[in-house]
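Peer 1: My questions will all concern the structure given below.
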Amino acid sequence: MTWRPSSPTLALAICLVLFPSLPAFSQNLSHLKVELLSEQTSIQPSGSVTVGFHFTLQKGWHLYWQNPGDSGQAPSITWSLPEGFTAGEIQWPIPERLTLPSLADYGYTRDVTFLVAIQAPADLKPGHMVRLSANIHWLVCQEICIPGSKALNLRLPIRKKQAPYNSRYASIFKSARKNLPLPLPEEWKIRGSLGPKEIHLSIDTGEPLAKTTTATFFPLHGNQIHNAAKQVSETSENSLFLGLKKSDQIAPDVKTLEGLLVVEQKNLGKKGYWVQVPLTSSPSAADNPQ
Amino acid sequence: MNKLLQVALTLAALSLVSTLEAAKVGDPAPDFTATDSHGTLHKLSDLKGKFTVLEWHNQGCPFVKSQYKGKMQKLQSKWTAKGVQWFSVVSSAPDTEGYVDAAEANEDLKKTKAHVTALFLDPSGTIGHAYDAKTTPHMFIINPKGILVYDGAIDNAPLTDQPVKKNKDGEPFINYLDQALQELVEEKKDTPSVSTTVPYGCHVKYKP
């Protein structure tokens with residue numbers, strides 16, 4: 001039975017009457033908690049520190065990857081940094097496929113940390129404090145979507161020496177790093193062929209793969225692959241094959257397919273690799289003639 | 001190459017059982033018969049001779065609400081005055097966000113002062129699937145010959161309530177729909193300079 005509240009306030013009132021001891025989330029209409037954490041306890045002149053936007057999501061709600069897929073919107077950050085500081089791009093963890101009726105999105109259903117590297121200028125005075133401020137915007141969805149934002153700050157002392165890591169958040173940062181994509185191993189060779197209806201990727205790893213190995217592709221750009229279509233993954237000795245249905249809106253002269261190739265092997269877990277695959281046109285014998 | 005053929009065959013088999021291909025820009029727009037919120041039937045093939053805009057709609061979606069702070073209504077007024085047929089389409093299944101019965105749809109139109117030609121009720125998702133409408137808003141333009149000439153986002157600035165000169169990425173603001181209609185209707189071009197973009201918004205709440 002689905003229930004559609006007519007207003008968030010009514011929904012909240014009903015929730016609080018029926019379930020007076022609900023956790024903090026239900027009283028927080030944004031359905032999540034977000035904190036800005038620093039990996040290190042201080043920053044040095046010309047040094048860099050990694051910060052993390054750590055999201056704790058209410059069960060059933062999700063956030064989006066940099067390509068959200070068929071719908072949704074990726075989180076974005078606007079920084080307000082002291083003179084000379086620069087912030088890098090969001091380091092996106094490997095996403096999950098989120099299937100909806102007829103559609104598919106890419107995002108995160110569990111707690112997720114978005115890492116950003118902050119670079120400090122040379123002319124920092126040890127003994128002083130710096131304040132790093134950010135405004136993070138997100139879209140959190142369940143069946144419905146709610147945009148949200150929060151202003152977050154971090155104050156760090158400037159020290160001459162390399163700072164020790166913040167043991168309090170060590171496991172959060174470790175977990176976040178483990179889930180980051182890697183560059184494709186040098187020995188791996190990836191080729192893509194563009195047929196009338198599909199894109200076929202073939203990856204030669206040069207090492208024996210377990211028969212149960214599966215591959216999934218997350219495109220970086222929209223309108224290239226059909227997000228909701230099943231991806232056909234096959235393994236053969238040292239190679240992986242992936243069949244992807246083309247999007248109806250794909251540019252007819254598309255030359256490259258860019259995105260994340262996620263390979264899941266028993267005992268080795270999930271690994272994600274950034275790939276830029278040149279596509280060669282090839283009529284496939286199995287496709288229906290156009 | 002044996003394995004590659006195997007993958008190709010499996011994929012071909014899967015496409016045979018999947019739904020019909022939605023139309024692409026440049027192809028004839030899929031025909032449909034729609035019921036509007038006043039109970040009137042509209043058949044797309046009977047609407048040739050004019051430009052047609054299809055606007056996928058969900059009154060609860062924050063992306064739609066943002067457009068309806070004035071921008072969408074202004075665009076609807078501008079182009080319907082120039083002879084464009086503008087149809088809102090609601091493909092939300094019953095009990096999902098955006099679903100409206102005829103009375104609720106008319107209430108929504110009145111409240112927002114929408115200036116559409118009609119609002120189509122599509123709770124079964126038939127029209128949505130025919131166009132592969134993914135989000136609300138998702139915009140389509142069909143030319144007087146019945147050819148699909150635009151498919152994609154309304155603009156490049158999601159959740160921007162008021163008109164802006166630049167979007168949050170610092171790019172010049174573009175309303176793709178307005179730009180395309182300007183080129184097609186006023187400048188009498190055959191195709192708009194931008195005919196396909198990635199649509200953004202809440203997902204269309206299709207029936208499972």
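Peer 1: Please enumerate, by chain and number, the aspartates and glutamates with C-alpha under 14 Å from the C-alpha of A:LYS271, excluding those fewer than 8 residues away in the same chain.
Peer 2: Straight-line reach from A:LYS271, under 14 Å: A:GLU96.
Peer 1: Let me ask another. Counting DSSP beta bridges in the range B:35-203, what percent are antiparallel, to the nearest 5? Provide the component values of the computation, followed by the final result.
Peer 2: Details: 15 of 25 bridges.
In the range B:35-203, approximately 60 percent of DSSP beta bridges are antiparallel ones.
Peer 1: Between B:GLN67, B:GLN182, B:GLN162, find the one with the highest GNM mean-square fluctuation for chain B; connect C-alpha pairs within less than 10 Å.
Peer 2: B:GLN162
Peer 1: Let me ask something else about it. Cross-link list A:LYS33/A:LYS245; A:LYS197/B:LYS134; A:LYS189/A:LYS246: which exceed 25 angstrom alpha carbon to alpha carbon? Mind showing how you got there, number by number?
Peer 2: On the way: A:LYS33/A:LYS245 37 Å; A:LYS197/B:LYS134 20 Å; A:LYS189/A:LYS246 22 Å.
Cα-Cα > 25 Å for A:LYS33/A:LYS245; rest within.
Peer 1: Taking other Cβ within 10 Å of each residue's Cβ, how do A:LEU182, A:LEU261 sort, fewest first?
Peer 2: Details: A:LEU182 10, A:LEU261 22.
The fewest-first ordering by Cβ neighbours comes to A:LEU182, A:LEU261.
Peer 1: What distance in nm separates the two pseudo spin-label positions at A:THR56 and A:GLU187, each 7 Å out from Cα along the beta-carbon direction?
Peer 2: It is 4.3 nm.
Peer 1: Let me ask something additional. Hey, fewest Cβ within 10 Å first, where do A:LEU103, B:LEU159 land in order?
Peer 2: Details: A:LEU103 21, B:LEU159 16.
Going from sparsest to densest Cβ surroundings: B:LEU159, A:LEU103.
Peer 1: Do the sum for the protein assembly as shown: with -39,500 (n - 2.57) for every DSSP H run of n ≥ 4, divided by all residues, what is the mean residue ellipticity at 222 nm, to the nearest 500 deg cm²/dmol?
Peer 2: Working: 9 runs with 80 residues, N = 498.
After summing the helix terms and dividing by residue count, I get -4500 deg cm²/dmol.
Peer 1: Give the longest segment of chain A that steers clear of GluC sites (Glu not before Pro) in DSSP loops with at most 12 neighbouring Cβ atoms within 10 Å, not counting the sites themselves. The partial results should precede the final answer.
Peer 2: Values: sites that count: A:GLU83, A:GLU89, A:GLU186, A:GLU187, A:GLU237.
It runs A:90-185.
Peer 1: Same structure, new question: Consider just the alpha-carbon atoms of the protein assembly as shown and return their Rg together with their Dmax, both in angstrom.
Peer 2: 24.7, 76
Peer 1: OK, next. If the limit is 25 Å between Cα atoms, which of B:LYS69/B:LYS168; B:LYS74/B:LYS168; A:LYS150/B:LYS166; B:LYS74/B:LYS189; B:LYS78/B:LYS166; A:LYS174/A:LYS266 go over it?
Peer 2: none
Here, each number is a calculation from the coordinates, and none is a lab measurement. All values derive from a computational prediction rather than experimental measurement. Every residue, glycine as well, gets a Cβ built from its backbone with ideal geometry; the counts of neighbours run over all protein chains shown.
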